[in-house]
Amino acid sequence: MDEFAFRPTHVAPPDGMATWTAPDPAQPAARLDPLLPVQLIARQGDWGHVLCSNGWTTWVDGRLLINLPTAPPDATGPPARTADPRPALAEAEGALARYRALLEDLAAGSADLETFRDRARGLRIGLVVDGEALWLFDPVHDRWCYCDGLQLQTYAAPGRPNASPAATPRPAASPPPAPGPAASPAPGRAPTGYEPTRTVEP
């Protein structure tokens with residue numbers, strides 16, 4: 001028998017199973033070993049006609065056979081790299097360019113502070129590069145991702161509330177307070193849970 005013609009589709013139960021030379025309870029045959037691979041070649045009611053790897057065929061109670069999973073599709077080639085970080089990097093670069101343009105307009109006086117805030121609303125960027133390591137914020141899925149140069153994978157989920165801080169109504173802008181020892185939020189800025197580091201001059 002050609003060994004490559006045998007393609008197991010089932011295995012025997014963990015405690016083995018009885019066999020018969022024909023689909024007839026009066027014609028018993030040798031018992032199959034536990035978890036023995038077999039190929040189901042025909043059915044007749046509850047009976048199953050199976051082929052063993054040594055070419056022996058026999059009849060079994062088909063209801064007791066355990067199905068083997070089929071091979072997954074497209075699993076014949078070598079493993080491919082997953083989650084290419086380049087599209088996410090391109091998105092971060094585009095968002096950073098938009099933010100820089102808003103800052104340029106604000107600095108040039110072509111946009112006031114309220115216009116700057118309105119146009120920057122919802123813009124969220126996070127990017128850290130340290131040698132070959134990359135940490136990138138994914139605003140679509142609200143998560144930080146890590147890349148080692150080969151693949152991008154989820155690193156942490158901030159667990160932010162559903163309401164975006166950028167969508168929180170802000171009071172009218174007012175002059176910032178004089179520097180002091182207390183690091184309290186400046187008027188005109190809604191608390192975000194991600195306050196920047198503040199420095200105090202002596």
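Worth pointing out:
- Checked against the criterion of being exposed (fewer than 10 other Cβ atoms within 10 Å of the Cβ) and either over 20 Å from the mean Cα position of the chain (by Cα) or at pLDDT below 75 (or both), the candidates Glu93, Glu104, Glu114, Glu132 yield just one match: Glu132.
- Residue within the stretch 141-155 that is modelled with pLDDT of 80 or more, more than 19 Å from the chain's Cα centre (by Cα), surrounded by 12 or more Cβ atoms within 10 Å (Cβ to Cβ) and hydrophobic (A, V, I, L, M, F, W, C) present: no
- Of the residues making up the stretch 18-37, those that are part of a strand (DSSP E or B) and in contact with a Phe, Trp or Tyr (Cβ under 9 Å, 6 or more places away or on another chain) are Thr19, Trp20, Pro28, Ala29, Ala30, Pro37.
Here is a yes/no grid of residues against (1) in contact (Cβ under 8 Å) with a residue 24 or more places away in the chain; (2) among the acidic types (Asp, Glu); (3) out of contact with any strand residue (DSSP E or B) (no Cβ under 8 Å at 6 or more places or on another chain):
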site: Gly16; (1), (2), (3): no, no, no
site: Pro37; (1), (2), (3): yes, no, no
site: Gly45; (1), (2), (3): no, no, yes
site: Asn67; (1), (2), (3): yes, no, no
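The values are calculated or read from the model by the stated rules, or taken from the named source; none is laboratory data. Given the structure is predicted, the values throughout are model-derived calculations rather than measurements. Don't worry about glycine lacking a Cβ; one is built from the backbone with ideal geometry, like all the others, and counts go over all protein chains shown.
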